[in-house]
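The values are calculated or read from the model by the stated rules, or taken from the named source; none is laboratory data. Worth saying up front: this structure is predicted, and the values here are computed from it rather than measured. When we count neighbours, we look across all protein chains shown, and the Cβ atoms used for this are built from the backbone with ideal geometry, even at glycine.
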Amino acid sequence: MVSLNMVKSMAKQEYNENSIKILEGLDAVRKRPGMYIGSTDKRGMHHLIWEIVDNGIDEVINGYGNYIKIILEKDGSITIADNGRGVPVGMHASGKSTPEVIYTILHAGGKFEEGGYKVSGGLHGVGASVVNALSSWMVVTIYRDGKISQIKFKDGGKVDSKLKEIGKTNKTGTIVQFMPDKEIFKNCNFSFTTICERMQESAFLNPNLTVEVIDVEDNLSAKYHYETGLTAFVEYVNEGHKALHKVVQFNNVRNRIDVAIALQYTDTYNEQILSFVNDVKTGDGGSHEVGFKSGLTKAFNEYAKNNNIVKGNSSLTGDDLREGLSAIISVRIPEDILQFEGQTKGKLGTPEAKQAVEQVIYENLKFYLEENKEIAKTILEKADKSRQAREAARKARESVRKGDKTKNNRERIISEKLAKATSKEYSKNELFLVEGDSAGGSAKSYRDREHQAILPLRGKVLNTEKASSNDIENNAELRLIEYAIGAGLGQDFDVKESNYGKVIIMTDADVDGSHIQILLITFFYKFMRPLIENGMLYIATPPLYSVETGAKGIKEYIATDEELEEKKKTLKGNYKLQRFKGLGEMNADELYETTMSPKNRRLIRVTLSDAALAEKRIHTLMGDEVAPRKAWINENVDFTLEDDFRK
Ligand code: 28F
């Protein structure tokens, strides 16, 4: 991970308490929180945690401390602690204490200005003062120089009590506790599962780190520590699959960029590459992933050629070579050449990273293959099978287009189940995948026939975690989905051929419903990923309640328990409250008006980084780690479904 040389060069860099830059006030943050933390929903609120946690992780990355603890307190506040050096407690040139400056002045950076690594990707690294600005109170306790010092803030960053010594200690570290401002984050709760997932990732990326997460109210706790780092990460990702060899890990520094890669092939058909830059996940890839892919392809093809494994001149494509590959790429890039791109800043720009990663994977992999010829042979044979399968699939698709028996067969199967849309403007058409025949029937009878198609699904969908394209063809339910969308499967999937511009999952608002959502998202993630990449996969949100008021029986629909509580405050006199246990309990017109009509409905778009988690969640649900599963169920029963895999 961080090389020794880099740690040494950073240690030399004396930090200076006067080097902090003073820019603008916290009122700017309260005026436009979205600018600083992305949004003011659940996702934005979790951003507050990442902001503080990242400061602790920066300490660890740079060689100080090895422990981070996060406590979800009973009152809704959160406590985050590390055992690093402790924030400096001296006076700043402005006459304020250093902690006061750090926690009240925007962009109070200055830490490791040159040469160090900093967790700062996209919206990260906006600073602890942003968290203070969006909190109704914050307490910072510092263990340093033999003293325990504390400073308190209230009302979005106003000093409540100045920095003062509250005791003696021989420990070092920083504890930050804060309460997100209810005025800014309405009806939001912290999610134990979301926090655990992210902290587990940090533990995988930093082998010397131990992270503990505690939920006091629900009496849950989890502890993460992985001696083998990225190797453990890949083992975790591949859990339950048959591995073709032991995990391989490479670590090198090239051009000041610290590259760590771990990879392993399984007998599955999917590719799973996760990449990180300075510990932040790069969901949209970037130059490091590009370098990884080209280096991997080059190493395998050269090896195959030198060892006369390929026939003639044919070479394997990158896609062939990545079938069944799970890989984690973690790069550490000094701040001065760190560049992120794209709307959500989830893509690495830094051109030097391509070359660095390409060299590291190419050189190490070539050596590894030469040393492990049996494994090389197994992987190359698998890639060659993938090439053949792709050829066959392409031919099959061509014959389907030409209209032979297969096509008629498909038509027959699909026409029995699917209520089609009449419009030929495919991009405007929507496919609803509906849980249950009864709701499916309602949806069929009351829909926009021109643009909305309905496909009812019966019961639980196949768990495609370990499925191949062949398994899909043999599964009645998923085959129906494949035929309805009509754009192929897996590597053969062509999003341009999709019969629909939107595919909408519509399930009951209960645990089974969320489970079906996860199973379907996993299927789309594995077999029609471009559908998600192009933002075409959605989840419908049926209302939980209806309230009828007044003599005329005016009906209003309510989406969540929180909204119901709000509504109850405004209700006077008689009213009739109905709770919808499932889609089937609604009348057909109600279902259309509330959940399907573009006028009123609320669709949640499924995003890619979130989809990758869906597969892992299935593991969580079925695996043997009790705390996350219990939390997941708690969080889903009342349909406050994890919003981190939905947007
Ligand atoms: C629970 C959250 O925030 N931990 C932190 C440090 C350590 C230093 C530091 C932090 C000083 C001038 C900015 C100590 N000694 N956990 C945390 N641990 N910040 S935040 O310095 C901040 C800089 O400008 C630290 C020597 N250098 C740095």
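In this structure, residue 370 does not qualify as touching a residue at least 12 places away in the same chain (Cβ under 8 Å), more than 30 Å from residue 43 (Cβ to Cβ) and in contact with a helix residue (DSSP H, G or I) (Cβ under 6 Å, 6 or more places away or on another chain). Return yes or no: is residue 3 at pLDDT below 85, of a type outside the set (Lys, Arg) and within 11 Å of the ligand (Cβ to nearest atom)? Spelling it out, it is not the case that residue 3 is at pLDDT below 85, of a type outside the set (Lys, Arg) and within 11 Å of the ligand (Cβ to nearest atom). Mind checking which pairs have a first residue in the range 39-61 that is of a type in the set (Val, Ile, Thr) and modelled with pLDDT under 90 and a second that is part of a helix (DSSP H, G or I) and away from the ligand (no atom under 12 Å from the Cβ), Cβ under 8 Å, 6 or more apart or different chains? Sorted first by the residue in the range 39-61, then by its partner, the pairs are 40/33; 40/34. Restricting the search to the range 273-297, which residues are part of a strand (DSSP E or B) and at pLDDT below 90? Within the range 273-297, 280, 281 meet the criteria. All but one of (1) part of a helix (DSSP H, G or I); (2) at positive phi hold for residue 573; which doesn't? With (1) part of a helix (DSSP H, G or I); (2) at positive phi applied to residue 573, the lone miss is (1). Contact annotation: residue pairs with Cβ atoms under 8 Å, 6 or more positions apart or on different chains, pairing a residue in the range 448-473 that is free of Cβ contacts under 8 Å to residues at least 12 places away in the same chain with a partner that is among the polar types (S, T, N, Q) and buried (at least 16 other Cβ atoms within 10 Å of the Cβ), are 471/464. Name the single residue, out of those in the range 565-582 being at pLDDT below 85 and among the polar types (S, T, N, Q), that is farthest from the chain's Cα centre (by Cα). Taking the candidates together, the pick is 574. Filtering the range 35-68 to residues that are among the charged types (D, E, K, R) and either buried (at least 22 other Cβ atoms within 10 Å of the Cβ) or within 11 Å of the ligand (Cβ to nearest atom) (or both) leaves 51, 54, 58, 59.
For the range 474-490, the set of residues classified as surrounded by fewer than 19 Cβ atoms within 10 Å (Cβ to Cβ) and more than 16 Å from residue 431 (Cα to Cα) consists of 474, 475, 476, listed by residue number. Just one of the numbered conditions (1) near the ligand (Cβ under 10 Å from one of its atoms); (2) surrounded by fewer than 21 Cβ atoms within 10 Å (Cβ to Cβ); (3) modelled with pLDDT of 95 or more; (4) within 34 Å of the chain's Cα centre (by Cα) is not true of residue 154: (1).
Kindly indicate whether residue 216 is touching a helix residue (DSSP H, G or I) at 6+ places or on another chain (Cβ under 9 Å) and among the hydrophobic types (A, V, I, L, M, F, W, C). So residue 216 does not fit the description; no. In the set (1) within 14 Å of the ligand (Cβ to nearest atom); (2) at pLDDT below 95; (3) under 33 Å from the mean Cα position of the chain (by Cα), the condition left unmet by residue 122 is number (1).
Which residues, taken from the range 69-89, are small (Gly, Ala, Ser) and near the ligand (Cβ under 7 Å from one of its atoms)? Result: 81, 84, 86. Kindly establish whether residue 215 is buried (at least 23 other Cβ atoms within 10 Å of the Cβ) and either under 26 Å from residue 136 (Cα atoms) or touching a Leu at 6+ places or on another chain (Cβ under 8 Å) (or both). The answer is yes for residue 215. Which condition number does residue 302 fail, the rest of (1) buried (at least 18 other Cβ atoms within 10 Å of the Cβ); (2) part of a helix (DSSP H, G or I) being met? All conditions are met except number (1). Residue by residue through the range 56-94, note down the ones that are in contact with a helix residue (DSSP H, G or I) (Cβ under 6 Å, 6 or more places away or on another chain) and within 18 Å of residue 149 (Cβ to Cβ). Hits for the range 56-94 are 65, 80, 82, 84, 87, 88, 90, 92. Per the conditions (1) in a helix (DSSP H, G or I); (2) modelled with pLDDT under 95; (3) aliphatic (A, V, I, L, M), the sole criterion not satisfied by residue 462 is (1). Considering only residues that are among the basic types (Lys, Arg) and in contact with a Lys or Arg (Cβ under 8 Å, 6 or more places away or on another chain), look in the range 147-173 and name the one that is farthest from residue 66 (Cα to Cα). Ranking the candidates gives 168 first.
Checking each residue in the range 57-102 for being in a strand (DSSP E or B) and among the acidic types (Asp, Glu) picks out only 82. Just to be sure before I move on: is residue 95 touching an Asp or Glu at 6+ places or on another chain (Cβ under 6 Å), at pLDDT below 95 and more than 16 Å from residue 279 (Cβ to Cβ) in the structure I sent? Considered against the rule, which asks whether it is touching an Asp or Glu at 6+ places or on another chain (Cβ under 6 Å), at pLDDT below 95 and more than 16 Å from residue 279 (Cβ to Cβ), residue 95 comes out as no. Restricting 538, 500, 525 to residues that are part of a loop (DSSP other than H, G, I, E, B) and buried (at least 20 other Cβ atoms within 10 Å of the Cβ) narrows the list to 500. Listed by first and then second residue, the pairs with beta-carbon distance under 6 Å, at least 6 apart or on different chains, first residue in the range 573-597 and of a type in the set (Phe, Trp, Tyr), second surrounded by 15 or more Cβ atoms within 10 Å (Cβ to Cβ), are 575/547; 575/549; 580/586; 592/446. The single condition from (1) under 19 Å from residue 129 (Cβ atoms); (2) at pLDDT 90 or above that residue 66 fails is (1). Scanning the range 542-554 for residues that are at negative phi, of a type outside the set (A, V, I, L, M, F, W, C) and without any contact (Cβ under 8 Å) to a residue 24 or more places away in the chain yields a single hit, 552. With respect to being loosely packed, with under 15 Cβ neighbours inside 10 Å, within 16 Å of the ligand (Cβ to nearest atom) and not β-branched (Val, Ile, Thr), residue 171 fits the description.
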